[in-house]
Amino acid sequence: MKQYRIIISGGGTGGHIFPAISIANTLKKRFPDADILFVGAEDRMEMEKVPAAGYKIVGLPVSGFDRAHLINNIKVIRRLIKSLRLAKKTIREFNPDIAIGVGGYASGPTLWMASSLGIPILIQEQNSYAGVTNKLLAKRADCICVAYQEMEKFFPADKIVITGNPVRQDLEEALDKKEEALAFFGLSPEKKTILVVGGSLGARTINRSIMENLDKLFASDVQVIWQTGRYYYEEAVKHLKAYRGMPVWCSDFITRMDYAYSAADLVISRAGASSISELCLLQKPVILVPSPNVAEDHQTKNAQALVNQKAAIMVADKDAEESLVPTALQTIHDVNILSSLSNNITCMAHHESAEQIVDEIVKIIEKKA
């Protein structure tokens, strides 16, 4: 049995860390004796999620650059230098066969030092518009796994492999359990269901759009599964007090996303790469509201890639409070639009992405052996 030693670095958001954990799980399934170490940013989500998934993690003090307040970047540079030193120490002690970067603050220093020490590196770029760190690392990479076509404008074409983004492995299993899923949320099989998600912390514009249009939702004979995120739950509950008869399941966090997707006839979501990959696999009609608060506006580019294929509807963040709910209601009551969106988004799905990425990892290790 192969005893590979593998570092996986990155995280910061669920969109980065869940694919990373999926890759680790696939490696462990294929190579039970593999020794896997995660390297993350010490104040980010991965420091909680990775140990919960059963893996060891080392935290780096790295943080993102502050484009609005340049003076703050003196501290950022100090953290980066410290992170590079700690990444070098970690790599020397662990002595991995390969280092994998999935994006996020920790990925840069970890993969840079791994490459400097002669360790092969693999980049997993999740978005349709490559991040600055991955573009800088591209020349050092042995392989770059991507989810979208035409990524040669960012990376050397001979290093690109289209694999798609790994998704949470429990999601597809619940697709044929719609009745069970609706019962879980206490909702009716007789009504159309809108799933509203904005990430674990929440999406301000999406939440405000729902809060300010509860009258329209209440009058339209639909039901809603509403994940507010941590920051907006209390405000949402206050708004819902005036709509006690409305069929809404509301919480700050959804523990059973498999059921949530299964129950949904239409999804309202941000346009993170991981979320889009899930929606493609699950064949879900979706209205995407790209976050304006991300580097290089990559969520808009992710969403546009689907819109160009008539596989999603996009509502700009600045227009959402006025037009998101009316667009959702018009869409969910039109069977032809729902069917067309579902068929078109299915064509963009990549199946067994984690397996394909692990294939590339093994190729690199065996070639270097």
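Here residue 136 fulfils each of the conditions (1) in contact with a His (Cβ under 9 Å, 6 or more places away or on another chain); (2) open to solvent by 60 Å² or more (accessible area, probe 1.4 Å); (3) not polar (S, T, N, Q) apart from (1).
When the residues of the range 295-321 are filtered to those that are modelled with pLDDT under 95 and acidic (Asp, Glu), the one that is surrounded by the most Cβ atoms within 10 Å (Cβ to Cβ) is 317. Does any residue in the range 221-232 that is open to solvent by 10 Å² or more (accessible area, probe 1.4 Å) come within less than 6 Å, Cβ to Cβ, of a residue that is not polar (S, T, N, Q) six or more places away or on a different chain, and which pairs are these? Listed pairs, sorted by first residue: 227/197; 227/254; 230/201; 230/252; 231/201; 231/202; 232/202.
The condition (being within 20 Å of the chain's Cα centre (by Cα), crowded, with 18+ Cβ neighbours inside 10 Å and under 30 Å from residue 130 (Cα atoms)) is satisfied by just one residue among 206, 160: 206.
Against the list (1) touching a residue at least 60 places away in the same chain (Cβ under 8 Å); (2) open to solvent by 20 Å² or more (accessible area, probe 1.4 Å); (3) over 30 Å from residue 366 (Cβ atoms); (4) touching an Asp or Glu at 6+ places or on another chain (Cβ under 8 Å), the condition residue 194 fails is (2). State whether one or more residues within the range 249-263 are aromatic (Phe, Trp, Tyr) and not in a helix (DSSP H, G or I). Yes, because at least one residue in the range 249-263 is aromatic (Phe, Trp, Tyr) and not in a helix (DSSP H, G or I). Restricting attention to the range 218-231 and to residues that are at pLDDT 90 or above and within 28 Å of the chain's Cα centre (by Cα), the residue that is farthest from residue 258 (Cα to Cα) turns out to be 222. Scan the range 322-340 and tell me whether some residue there is at pLDDT 95 or above, farther than 23 Å from residue 207 by Cα and of a type in the set (Asp, Glu). Checking the range 322-340: at least one residue is at pLDDT 95 or above, farther than 23 Å from residue 207 by Cα and of a type in the set (Asp, Glu). Residue count for the range 237-248 satisfying the condition of being part of a helix (DSSP H, G or I) and open to solvent by 40 Å² or more (accessible area, probe 1.4 Å): 3. Hey, any hits in the range 339-357 for a residue that's surrounded by fewer than 20 Cβ atoms within 10 Å (Cβ to Cβ), among the acidic types (Asp, Glu) and closer than 26 Å to residue 171 by Cα? Scanning the range 339-357 turns up at least one residue that is surrounded by fewer than 20 Cβ atoms within 10 Å (Cβ to Cβ), among the acidic types (Asp, Glu) and closer than 26 Å to residue 171 by Cα. The one condition from (1) over 18 Å from residue 166 (Cα atoms); (2) at pLDDT 95 or above; (3) in contact with a helix residue (DSSP H, G or I) (Cβ under 7 Å, 6 or more places away or on another chain) that residue 99 does not meet is (1).
Listed conditions (1) of a type in the set (Asp, Glu); (2) under 20 Å from residue 225 (Cα atoms); (3) surrounded by 14 or more Cβ atoms within 10 Å (Cβ to Cβ) are all met by residue 334, apart from (3). Can we say residue 305 is farther than 17 Å from residue 222 by Cβ, part of a helix (DSSP H, G or I) and touching a residue at least 12 places away in the same chain (Cβ under 8 Å)? Against the criterion (farther than 17 Å from residue 222 by Cβ, part of a helix (DSSP H, G or I) and touching a residue at least 12 places away in the same chain (Cβ under 8 Å)), residue 305 qualifies. If the condition is being out of contact with any strand residue (DSSP E or B) (no Cβ under 6 Å at 6 or more places or on another chain) and either outside any loop (DSSP other than H, G, I, E, B) or open to solvent by 40 Å² or more (accessible area, probe 1.4 Å) (or both), then the range 270-293 contributes 273, 274, 276, 277, 278, 280, 281, 282, 283, 292, 293.
When residues in the range 164-187 are screened for being at pLDDT 95 or above and either exposed (fewer than 12 other Cβ atoms within 10 Å of the Cβ) or farther than 26 Å from residue 331 by Cα (or both), 1 of them pass.
The values are calculated or read from the model by the stated rules, or taken from the named source; none is laboratory data. From a predicted model like this one, the values you see are computed outputs, not experimental measurements. Here the Cβ is made from the backbone with ideal geometry for all residues, glycine too, and neighbour counts use every protein chain on show. Surface areas here come from the heavy atoms of the whole protein model, side chains and all, with no ligands, DNA or RNA. Shrake-Rupley method; radii C 1.70, N 1.55, O 1.52, S 1.80 Å.
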